[in-house]
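Below is one structure, written out as structure tokens; the observations come after it.
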Amino acid sequence: AQKITQTQPGMFVQEKEAVTLDCTYDTSDPSYGLFWYKQPSSGEMIFLIYQGSYDQQNATEGRYSLNFQKARKSANLVISASQLGDSAMYFCAMRGLNTGTASKLTFGTGTRLQVTL
Amino acid sequence: SQTIHQWPATLVQPVGSPLSLECTVEGTSNPNLYWYRQAAGRGLQLLFYSVGIGQISSEVPQNLSASRPQDRQFILSSKKLLLSDSGFYLCAWSVLSIGQSGTNYGYTFGSGTRLTVV
């Protein structure tokens, strides 16, 4: 079984500042993938960044980076230089990567980020 | 490129009426398909997933059912809607088998259907 925990229901950050959204996970899978999605008020789920458990380096995608600490089972999302358009709900998710299986994506409860002027 | 279509975008239905939400995927073969529901201000709950035509797995007991009549078509249905069926429904697809490192194995989501049962 897999579990994703996001302990911050809401966060505020000032425009142009960096913000870290926390995510911890628990799994028995030896190989897994970690994901972050953004959900604006329109409802669509937008993929942001992916980290494989076997990756040696932390993933980065533009202003997004994933602070992956495997021993601590954490996969925090860092957004640098926040913009007003970053205001949204952010979900952490994970999926087992056992070859040949169709494992499911498990989501956390989300963090609502509000970027202020 | 792969695209996923989901409709309708919004729906208001009376209690006891039937429901049919459709999702189709283009540009890929034999995808895994998923239906999620999101209650207002909450996370995503997996309702059904399918690894092939006619193969449906249900994650939670409920008033809904799913069908996959074609490889790239996934339908969510109900014979009689309940008030508790209100929510935001998202369809998603992913690759079927996992075995290549460096590939993103996440889901691609449709734009969602906001269902209000009145």
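The values are calculated or read from the model by the stated rules, or taken from the named source; none is laboratory data. Values in this document were obtained by computation on a predicted structure and should not be read as measured data. Glycine gets a Cβ as well: all are built from the backbone with ideal geometry, and neighbour counts include every protein chain shown. Surface areas here come from the heavy atoms of the whole protein model, side chains and all, with no ligands, DNA or RNA. Shrake-Rupley method; radii C 1.70, N 1.55, O 1.52, S 1.80 Å.
For the residues A:GLN56, A:GLN69, A:GLN39, a GNM of chain A with alpha-carbon springs under 10 Å puts the largest fluctuation on A:GLN56. Compare B:SER17, B:SER67, B:SER86 in a GNM of chain B, Cα atoms joined below 10 Å, and give the one with the largest fluctuation. Comparing B:SER17, B:SER67, B:SER86 in the GNM, the peak value goes to B:SER17. Rg/Rh, computed from the Cα trace of region B:10-88 with Rh as the Kirkwood radius, has the value 0.97.
Of all the options B:GLY41, B:GLY16, B:GLY87, the one that moves most in a Gaussian network model of chain B with Cα springs shorter than 10 angstrom is B:GLY41.
For the protein assembly as shown, treating each Cα as an identical point scatterer without solvent, what Debye log10 I(q)/I(0) comes out at q = 0.18 1/Å? The Debye formula, applied to the Cα set alone, gives -1.38.
Percent of Cα pairs in chain A per distance bin of 5 Å, from zero to the largest separation: 2, 12, 23, 25, 19, 11, 6, 2, 1, 0. In summary, the lysines within cross-link reach of A:LYS73, defined as a Cα separation below 23 angstrom excluding same-chain residues under 8 places away, comprise A:LYS3, A:LYS38, A:LYS104. Label positions at B:ASN30 and B:VAL51, each projected 7 Å from the Cα along the C-beta direction, are separated by 1.2 nm.
Compared with the alpha-carbon gap, the fully stretched path from B:THR116 to B:VAL60 is longer by 18.1 nm at 0.36 nm per residue. A Förster distance of 25 Å, applied to the separation of the beta-carbon atoms of A:SER28 and A:ASP55, puts the FRET efficiency at 0.80. Between A:ALA93, A:LEU21, A:SER80, the Cα set farthest toward the positive side of the dipole of chain A (charges on each charged residue's Cβ, about the Cα centre) is that of A:ALA93. Each residue, B:ALA40 and A:ASN98, gets one label point 7 Å from its Cα in the Cβ direction; the gap between the two is 4.0 nm. Residues in region B:44-85, backbone N under 13 Å from the label point at B:THR3 (7 Å along the Cα-to-beta-carbon vector): list them, ranges by number please. Counting backbone N atoms under 13 Å from the label point, the list is empty. Solvent-accessible area of chain B (1.4 angstrom probe, protein heavy atoms only): carbon and sulfur portion equals 51 percent. Between A:ARG112 and A:GLU15, the contour length at 0.36 nm per residue exceeds the Cα-Cα span by 33.4 nm.
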